[in-house]
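Taking it in order: structure first as structure tokens, then the write-up.
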Amino acid sequence: MSVRHTAVTTAPVLPAGDEELVCDIREVVQRIGDRWSVLVIVELAQGVRRFRQLQRAVPGISQRMLTLTLRRLERDALVDRTVYPTVPAQVEYELTDTGHSLTFVLKMLADWGAEHRDTVMESRARWDAKRPDADVHHDGG
């Protein structure tokens, strides 16, 4: 338990008995937790970006995957897309208020990761040494 967290959490993480609500929450969390969304959101937290700026800032993302990620984030009201009537058309992306509110949660998650990194890495090393043939060593990242 961290210094900041002193209470034991006993409430369920997801509400029981409302399958539709739980399904909706799961879908939202899956969007935020997919491979590319967090990286795009973190970059957009720095300010308005054009497509190519985002593509350069998110290593390994293809043009197609960036397009899909931005469309999904726009659909979920996390990103606004603005098209300017220039030749060629200029398109800018920025976080909505909802998207900006998510950056606080991502910062908390990153802080948790930094605080517990050594414990997790040491545990992985011990686990992997005991199970060298287990196929869980890579998360696809």
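Every number in this text was worked out from the coordinates using simple rules, so none of it is lab data. Fair warning: this is a prediction, and the values are worked out from it, not measured in the lab. So basically every Cβ, Gly included, is an ideal-geometry build from the backbone, and we count neighbours across all protein chains shown.
General remarks:
- In this rough spin-label picture, where each label sits 7 Å from Cα along the Cβ direction, the Asp34-Glu74 distance is 1.4 nm.
- Neighbours of Gln90 by Cβ distance under 15 Å: Lys/Arg scored +1, Asp/Glu scored -1, total +1.
- Sparsely packed loop sites in segment 9-69 (the GluC sites (Glu not before Pro) outside DSSP H, G, I, E and B with at most 12 other Cβ atoms within 10 Å) do not occur.
- Unit charges on C-beta of K, R, D, E only; dipole of segment 19-130, Debye: 620 debye
- Here the relative contact order of the chain, from alpha carbon pairs under 8 Å that lie six or more residues apart, stands at 19 percent.
- Ranked by the mean number of other Cβ atoms within 10 Å of their residues, highest first, the peptides 50-60, 73-83 come out as 73-83, 50-60.
- Efficiency of FRET between Met108 and Gln53 - r from beta-carbon atoms, R0 25 angstrom, step 0.05: 0.45
- The local environment of Ala45, defined by Cβ-Cβ distances under 14 Å, has a net charge of -2 under the rule Lys, Arg +1 and Asp, Glu -1.
- Of the peptides 114-124, 30-40, the order by per-residue mean of other Cβ atoms within 10 Å, starting with the highest, comes out as 30-40, 114-124.
- Inter-label distance for His100 and Ala125, nm, one decimal - labels placed 7 Å from Cα along Cα-to-Cβ: 4.2 nm
- Annotation: amide H of Thr96 within the under-5 Å range of Val79, Asp80, sequence separation 5 or more or interchain, hydrogens built in the peptide plane.
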